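What follows is calculated from the coordinates using simple rules that are stated; it is not laboratory data. Quantities reported herein were computed from a predicted structural model and do not represent experimental measurements. Note that each Cβ is placed from the backbone with ideal geometry, even for glycine, and that neighbours are counted across all protein chains shown.
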Amino acid sequence: MTGIGARIMGALVATYNFFVGDAVILGVVAAAFVITALLVFVAHSSQLLAGIVFVALILLSVTLTLGRERAATQRKQHGG
């Protein structure tokens with residue numbers, strides 16, 4: 001690929017990775033709110049349990065996003 005083509009492709013890939021990472025976080029946070037609401041209002045679980053589940057789901061979203069970023073960085077370093 002030519003120099004300018006590689007730059008454009010790099011910008012497009014970076015933009016895609018940014019939006020996909022945000023979509024993962026947004027989706028898991030939305031699911032965390034729904035699951036927490038179901039635990040509290042439907043299953044009548046304790047708020048402590050609901051809070052622990054909520055925090056665990058948020059940490060899951062961050063872990064998934066960071067894992068994606070790390071994998072993308074490793075692919076980039078290895079020429080993939």
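Here are a few things to note about the model shown:
- Label zone at V55, where the point sits 7 Å out along the Cα-to-Cβ direction: region 12-46 residues whose backbone N lies under 20 Å: 28-41, 45-46
- Degrees separating the helix 47-77 axis from the principal Cα axis of the chain, which is the longest one: 10
- Residue-averaged 222 nm ellipticity for the chain, from DSSP H runs of 4+ at -39500 (n - 2.57), nearest 500: -30000 deg cm²/dmol
- Residues V42 and V62, FRET efficiency given R0 of 30 Å [Cβ-Cβ distance, rounded to 0.05]: 0.65
- Angle in degrees between helix 3-37 and the longest Cα principal axis of the chain, rounded to the nearest 10: 0
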